[in-house]
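The values are calculated or read from the model by the stated rules, or taken from the named source; none is laboratory data. Not measured: the values here are computed from a predicted model. Note: ideal-geometry Cβ built from the backbone for every residue, glycine included; neighbour counts use all protein chains shown.
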Amino acid sequence: MLAFACPVCAHLVTFESVRCLHCSSRLAYDPRARTIGAISDGEAGDGLLCVNARLASCNWLAPEAGALCASCSLTRTRPNDRDADGLGGFARAEAAKRRLLFELTDLGLPVESWRERDGGLAFDLLSSASEPVSTGHADGLITLDLAETDPARREPLRVALGESYRTVLGHLRHEIGHYYQPVLVPPDSEAEPAMRELFGDERADYKAALRAHYSSGPTADWQQRYVSAYATMHPWEDWAETFAHYLHIRDTLQTAAAYGVVVEGPAFATADEAPLESDPAAAEGDSIARMLAAWIPLTFALNAISRSMGAQDTYPFVLAPAAMRKLEFVGRTIERASLEPVGQRPQRR
Ligand SMILES: [Zn+2]
Ligand SMILES: [Zn+2]
Ligand SMILES: [Zn+2]
């Protein structure tokens with residue numbers, strides 16, 4: 001994430017700001033200009049703001065008066081107006097989704113909505129209090145159980161499943177990884193054999209893999225090859241987990257760079273490649289190798305700082321060389337897709 005300044009008084013504001021705490025200007029995020037701008041209360045009332053401004057605490061400008069913004073319009077289903085609990089979770093999920101969308105656009109990844117084409121990106125944000133909901137992805141549709149936005153319900157699950165990290169943004173980054181897998185590595189494309197080489201053959205029986213994962217768990221040495229235990233279940237899950245980590249790493253590095261954070265100590269843990277450009281497109285040389293070289297010392301520092309606050313590690317993972325090679329592969333497919341103009345992106349052969 002980038003750091004933003006109030007356009008009126010130049011004080012620091014955040015991606016979520018709706019009002020400047022210093023000069024009280026009303027603020028909104030403009031997804032086309034990718035900046036925080038000032039709007040008058042009249043303009044907000046005239047419908048410049050997303051119509052979900054109140055319902056989803058959305059601070060994005062809409063493309064036209066009385067419309068949903070580019071992020072909210074991707075949501076196909078939300079809790080109904082009488083479900084107060086569900087709507088609270090919906091607002092928290094939309095906040096995480098705006099961060100996801102910011103990064104996807106920042107990476108230059110194509111975001112095609114379900115409103116534009118069959119199989120386009122759609123979100124069903126549903127409350128499992130009223131119906132069974134399973135978080136997942138199928139044919140462009142990402143379903144999120146809004147219980148995941150409530151720490152009192154998410155944390156017991158995280159502990160029961162033995163996970164070191166579980167967040168709404170993490171779920172969204174994992175599921176969007178499933179969405180981009182066939183976009184970035186189309187079936188029968190040149191990249192497909194290389195993907196199978198690294199992640200395994202994704203044609204393996206998914207249901208059998210799921211059963212095996214929940215009955216016998218991951219192999220003892222999974223940390224040597226995977227970013228997480230869940231990634232061991234099936235090549236598709238390995239891709240999605242790795243994709244999520246790529247987004248975690250790139251976003252956190254971008255934020256560090258935007259705030260001028262450079263890790264210069266202790267001497268044995270510094271990065272040769274830090275600081276990273278806050279605009280990755282402006283970074284020279286091999287940006288993925290630079291990213292990973294800057295990431296390791298930053299995680300040492302961030303985890304140490306978290307522990308000083310009595311909190312859990314910011315990045316509670318160890319990246320083995322095999323997992324880094326997968327991250328590199330994901331990063332390169334993203335770079336390729338974002339460098340090529342729409343229409344020249346990888347096509348099926
Ligand atoms: Zn201000
Ligand atoms: Zn919105
Ligand atoms: Zn998955």
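Which count do you get for residues in region 214-233 that are touching a helix residue (DSSP H, G or I) at 6+ places or on another chain (Cβ under 7 Å) and not polar (S, T, N, Q)? Please lay out each step first, then the result.
Narrowing region 214-233 to residues touching a helix residue (DSSP H, G or I) at 6+ places or on another chain (Cβ under 7 Å): 218-219, 222, 224-233.
So of that shortlist, the ones also not polar (S, T, N, Q) come out as 218, 222, 225-227, 229-231, 233.
Number satisfying all stated conditions: 9.
Could you count how many residues in region 191-217 are without any contact (Cβ under 8 Å) to a residue 24 or more places away in the chain and either within 15 Å of ligand 3 (Cβ to nearest atom) or of a type in the set (A, V, I, L, M, F, W, C) (or both)? Give the derivation first.
Initial filter on region 191-217 (without any contact (Cβ under 8 Å) to a residue 24 or more places away in the chain): 192-193, 197, 203, 205, 207-208, 211-217.
After this cut, where a residue has to be either within 15 Å of ligand 3 (Cβ to nearest atom) or of a type in the set (A, V, I, L, M, F, W, C) (or both) as well, the list is 207-208, 212-214.
Of the residues in that region, 5 qualify.
Would you please list the contacts, defined by Cβ atoms under 6 Å and residues six or more apart or on different chains, that run from a residue in region 122-135 that is under 12 Å from Gly89 (Cβ atoms) to a residue that is assigned to a loop (DSSP other than H, G, I, E, B)?
So the pair list comes out as Leu125/Arg78; Leu126/Val133; Ser127/Pro79.
So which residues in region 16-33 are within 13 Å of ligand 2 (Cβ to nearest atom) and among the aliphatic types (A, V, I, L, M), if there are any at all? Lay out the reasoning, then the answer.
Step one: list which residues in region 16-33 are within 13 Å of ligand 2 (Cβ to nearest atom), which gives 16, 18, 28-31.
Within region 16-33, Val18, Ala28 qualify.
With respect to Ala93, is the statement that it is in the same structural domain as Pro132 (by TED's automatic domain parsing), touching a residue at least 60 places away in the same chain (Cβ under 8 Å) and either among the acidic types (Asp, Glu) or more than 16 Å from ligand 1 (Cβ to nearest atom) (or both) true?
Working: in the same structural domain as Pro132 (by TED's automatic domain parsing): yes; touching a residue at least 60 places away in the same chain (Cβ under 8 Å): yes; either among the acidic types (Asp, Glu) or more than 16 Å from ligand 1 (Cβ to nearest atom) (or both): yes.
For Ala93, the condition - in the same structural domain as Pro132 (by TED's automatic domain parsing), touching a residue at least 60 places away in the same chain (Cβ under 8 Å) and either among the acidic types (Asp, Glu) or more than 16 Å from ligand 1 (Cβ to nearest atom) (or both) - is met.
Does any residue of region 147-165 turn out to be surrounded by fewer than 19 Cβ atoms within 10 Å (Cβ to Cβ), of a type outside the set (Phe, Trp, Tyr), closer than 18 Å to His245 by Cα and without any contact (Cβ under 8 Å) to a residue 24 or more places away in the chain?
Yes, region 147-165 contains at least one residue that is surrounded by fewer than 19 Cβ atoms within 10 Å (Cβ to Cβ), of a type outside the set (Phe, Trp, Tyr), closer than 18 Å to His245 by Cα and without any contact (Cβ under 8 Å) to a residue 24 or more places away in the chain.
Yes/no per residue for (1) more than 16 Å from ligand 3 (Cβ to nearest atom); (2) out of contact with any helix residue (DSSP H, G or I) (no Cβ under 6 Å at 6 or more places or on another chain):
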{"position": "Gly120", "(1), (2)": "yes, yes"}
{"position": "Asp139", "(1), (2)": "no, yes"}
{"position": "Arg166", "(1), (2)": "no, no"}
{"position": "Ile176", "(1), (2)": "no, yes"}
{"position": "Leu184", "(1), (2)": "no, no"}
{"position": "Ser189", "(1), (2)": "yes, yes"}
